[in-house]
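The values are calculated or read from the model by the stated rules, or taken from the named source; none is laboratory data. What you are looking at is a predicted structure, and each value in this text was computed from that prediction instead of being measured. In this analysis, Cβ positions are derived from the backbone assuming ideal geometry, glycine residues included, and neighbour counts consider all displayed protein chains.
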Amino acid sequence: MPLHRAWILCGLLFFATALSFLDRQVLSVLAPQLTAEFGMSNAVYSRVVFAFVLSYTVMFALGGRLMDALGTRLGLALSVGIWSLASAAHALANGPWVLGFSRFFLGVGEGACFPGATKGAVEWMPPHQRAMAVGLANGGSAFGAVLAPPLTVWWTGLFGWRGAFIATAVLGTIWLILWLLAFRGLPATVTAAGTQRVGFRSLLVRPEVRRFMIARFCFDPVFYFYMFWIPQYLSRERGMALVDIGNLIWIPFFALGVTNIAAGRVSDMLVKRGWQPRRARMTLMLVAALLTPASWLASTAGTAGAAIALMSVLMFAHGIWIANYITLIGDTVSPAEVGTAVGLTGTCGGIAGMLSNLIVGPVVDSTGFAPMFVVTALLYPTAWIILALGRRDPAGVSAKG
């Protein structure tokens, strides 16, 4: 594939991951209005949210395998098509059942997005440009999270809350058309489905894959904590009003999006200068792990602004970490296995996120947020040690350039 076409496709992957986070965040922004209109308690609303988390977690692994079976072009077209229909279905909701049904299928579609985005970036790019491509492809998620609140408020003001869900479906449809057009004229070897059959068992028996899964089980709860609990922390322990939270909460996610891409570029530069890919990825991940104790300091900061700044350091570190972690998976397994491998790690992270959320609530109710911030400072270094125990030169690294 010509390199310029590969970068165009990676740009579309960026917008796909941005759409995935934009679509899922619309409900969060509209939650106060919808819970009031449908008379939903917090318990009922939590079940609606759980419907998404459940299908999303399961489909991370199944969707990754689907990407390897169908190929990135068809697999992502199917994924975005399903979640765009699910987004539109939210506009038909007249109560929690339809809302929960729609959320479930939103998770079915979105679960395959990140394995597919990673697979495309890995299989289209040589090793010395792979990390930046992976960072770009996955970095859209942070910008989607940044844009979701203002866009949702704007759409709701123009079209009502049902129109906000329709707007996301329209954006997904536009992306789908552009995606299919972008492959026109490319050889069949680029657009074809995978010919190598990839099974879960063939990956699970490999110790390096199991280490990736265990590591993600360790560090993903930090990101879930930041996604779901930071607004509550700022309100409860920092006394911030909702409008002030909205004005500041985008900053950590913006830091994440920028470093997702920049860290990939730095990693690629090290490989281009002769570093072994694993050494480059692991070195930058160590830097990231050593920055994460800033999250602990956030809970002791004297002002809310200082706390936001320190939380931004954590998200900055996560951007460095996740870009290199995902690329390291692509360096370690063959291109035909990338979707399935990334999917398996994502499912492990999702399970850890669900379990950790069950713990966070009672801990916060009894002791406040301080213990949770202490834990977030320890999990990335722990994950790095787990990965460092693996062999230093993964099979297939030099063969896939």
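Points worth noting:
- Residues of region 279-297 classified as charged (D, E, K, R) and touching a Ser or Thr at 6+ places or on another chain (Cβ under 8 Å), total: 1
This table checks each residue for (1) surrounded by fewer than 24 Cβ atoms within 10 Å (Cβ to Cβ); (2) within 12 Å of the chain's Cα centre (by Cα).
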position	(1), (2)
Phe316	yes, no
Gly319	no, yes
Ala323	no, yes
Thr327	no, no
Gly330	no, no
Ser334	yes, no
Val342	no, yes
Gly350	no, yes
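- The criterion of being under 20 Å from Ile166 (Cβ atoms), touching a residue at least 60 places away in the same chain (Cβ under 8 Å) and among the basic types (Lys, Arg) holds for Arg103.
- Any hit, region 44-60, residues being among the charged types (D, E, K, R) and under 22 Å from Thr347 (Cβ atoms): yes
- From the list Leu13, Leu34, Leu9, Leu27, the one residue that fits, being assigned to a helix (DSSP H, G or I), within 24 Å of Leu171 (Cα to Cα) and within 16 Å of the chain's Cα centre (by Cα), is Leu13.
- Scanning region 260-281 for residues that are over 13 Å from Pro127 (Cβ atoms) and among the basic types (Lys, Arg) yields a single hit, Arg265.
- Beta carbons closer than 6 Å, at least 6 apart along the sequence or on distinct chains, pair a first residue in region 309-329 that is farther than 12 Å from Leu284 by Cβ with a second that is outside any helix (DSSP H, G or I) for Leu310/Ala301; Leu314/Thr292.
- Matching residues in region 1-52 - criterion: being charged (D, E, K, R) and surrounded by fewer than 20 Cβ atoms within 10 Å (Cβ to Cβ): Arg5, Glu37, Arg47
- Whichever residue in region 181-190 is surrounded by 14 or more Cβ atoms within 10 Å (Cβ to Cβ) and assigned to a helix (DSSP H, G or I) and, among such residues, is modelled with the highest pLDDT: Ala182
- For region 69-96, a residue qualifies if it is of a type outside the set (Gly, Ala, Ser) and over 19 Å from the mean Cα position of the chain (by Cα), and the qualifying residues are Leu70, Arg73, Leu74, Leu85, His90, Leu92, Asn94, Pro96.
- Filter result for Arg265 (within 16 Å of Thr332 (Cα to Cα), touching a residue at least 24 places away in the same chain (Cβ under 8 Å) and either touching an Asp or Glu at 6+ places or on another chain (Cβ under 9 Å) or surrounded by fewer than 18 Cβ atoms within 10 Å (Cβ to Cβ) (or both)): no
- So Ala301, is it more than 26 Å from Phe60 (Cβ to Cβ), among the small types (Gly, Ala, Ser) and surrounded by fewer than 18 Cβ atoms within 10 Å (Cβ to Cβ): yes
- Residue check, Met132 more than 25 Å from Gly353 (Cα to Cα), buried (at least 19 other Cβ atoms within 10 Å of the Cβ), touching an Asp or Glu at 6+ places or on another chain (Cβ under 9 Å) and not polar (S, T, N, Q): yes
- Verdict on Ala307 being under 30 Å from Gln232 (Cβ atoms) and either in a loop (DSSP other than H, G, I, E, B) or touching an Asp or Glu at 6+ places or on another chain (Cβ under 6 Å) (or both): no
- Residue list for region 268-298, filter: surrounded by fewer than 16 Cβ atoms within 10 Å (Cβ to Cβ), under 22 Å from Arg216 (Cα atoms) and touching a residue at least 40 places away in the same chain (Cβ under 8 Å): Arg279, Leu290
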